[in-house]
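First up is the structure itself, then whatever we jot down about it.
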Amino acid sequence: MKQNNSMTAHAVLTAVWIVVALYLGFIYAPNEASQGNAYRIMYVHVPSAWAALVAYTVIFIGSVGYIWKRSQFADDLACAAGEVGFVFCCCLLITGPLWAKPIWGVWWVWDPRTTLTFILWLLFVAYVLLRSFFVNPSRAALLAAVVGIIGFVDVPIDYMAIRWWRTQHPQPVIMGGPDSGLPPKMLLALLVGAGAFLCLFFYLLRLRMSMLEARREASRLKRELEDEAQDRPAARQF
Amino acid sequence: MRRRTGLRRGNFENTPPGWRRYNRIMTDPNDKYLFLAYTLVWIVFMVYAWILSRRQSRLRMEINDLKARKPAADGKG
């Protein structure tokens, strides 16, 4: 009951935050001189990217926790973050080309940042498929944890790619050095948008984790019923 | 005869006040990409939310069913 109330509060907070973020992104933030309205795609693209990177970091933490302590909670955390992160990474790969086409004139270029992001998406796909293909849950959890830990190498390289190499992808606007930055109104809209997406990410993560717990409860109940059904004929013989 | 509302992009004459602001914001030829990006993102989230709610209701039904069968099985035993 308490958890239900907290989930409802989290859902309401997320919805309000998203509405505020949309208002700031569309109305409050000024137009960009060279890109026009197309730059407003940044208010969903960058938050999706941050949420996807946070999701893979959560997978890494959960995977380390599972291998180290064999904790069911850590495994649930990683499993839920894999699926939700995949959704955010899809949004990232949808909005990127839709911004690139009007600004660069092409849908896609294989520069370090875009290539590493595509690899991140493939890692999410591999992680989700690995989880669904194995019948034995402990074997699936162990293999997924290994993929989660090895794949995490991509996250810091992806994040630093635009700082380390000269790329077609725009240079960082936040924490990108003394020459980078955004006008205050645009920065506020971006940060509120990122907060809204992270709030949505954690809401979906909690929802997915509660479903994993419910799935385990259903399996336990089914097992108990099967055990009782097996015991009954034996009891009648005596 | 159809009344002209002046809702074409960039046409600010004879435009109702509410649409004037809309026209001032949405006059960029690249607006279709912006519209498409936001639409697709929200479609992705809506589809995922729908899949999750379906899965959740199926799970809830399964658990309720199993719980209802359990006392019955206990009673027979």
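The numbers here are math on the coordinates, done by the rules we state, and not lab data. Computed from a prediction, not measured in an experiment: that's the story for all the values here. Every residue, glycine as well, gets a Cβ built from its backbone with ideal geometry; the counts of neighbours run over all protein chains shown.
Some observations on this one:
- Between 0 and 90 degrees, the angle of helix A:2-23 with respect to the longest Cα principal axis of chain A falls at about 20 degrees.
- Projected area, mean over directions - the range A:64-162, Cα convex hull, nm²: 6.6
- Local electrostatic count, A:Thr167, Cβ distance below 14 Å [Lys/Arg +1, Asp/Glu -1]: +1
- Computed over neighbours whose Cβ is under 12 Å from that of A:Leu24, the net charge equals +2, Lys and Arg +1, Asp and Glu -1.
- Within-12-Å neighbourhood charge of A:Arg206 [Cβ basis; K, R +1; D, E -1]: -1
- Its relative contact order, with pairs defined as Cα atoms under 8 Å and 6+ residues apart, puts chain A at 30 percent.
- Rg/Rh for the range A:1-138, where both radii come from Cα atoms and Rh is the Kirkwood radius: 1.06
- Across A:Arg216, A:Arg131, A:Arg113, mean-square fluctuation computed from a Gaussian network of chain A (C-alpha pairs under 10 Å connected) peaks at A:Arg216.
- The range A:110-221: C-alpha gyration tensor shape, a/c 1.5 cut-off, then a/b vs b/c: oblate
- Across peptide A:194-204, the average count of Cβ atoms from other chains found within 10 Å of a residue's Cβ is 1.
- Fluctuation leader among A:Glu226, A:Glu32, A:Glu217 - chain A, Gaussian network, Cα springs under 10 angstrom: A:Glu226
- Shielding by partners, peptide A:32-38 (average Cβ within 10 angstrom, other chains): 4
- Taking every residue in A:212-221 and counting other chain Cβ atoms within 10 Å of its Cβ, the average works out to 4.
- In degrees, nearest ten, helix A:137-151 long axis to first principal axis of chain A (Cα): 20
- Residues A:Tyr28, A:Tyr127, ranked from the fewest to the most other C-beta atoms within 10 Å, line up as A:Tyr28, A:Tyr127.
- Expressed per residue, the C-alpha convex hull volume of chain A stands at 156 Å³.
- The angle between the Cα long axis of helix A:72-104 and the main principal axis of chain A comes to about 30°, on a 0 to 90 degree scale.
- Considering helices alone, the calculated mean residue ellipticity of chain A at 222 nm is -27500 deg cm²/dmol, with DSSP H runs of length four and up weighted by -39500 (n - 2.57) and normalised per residue.
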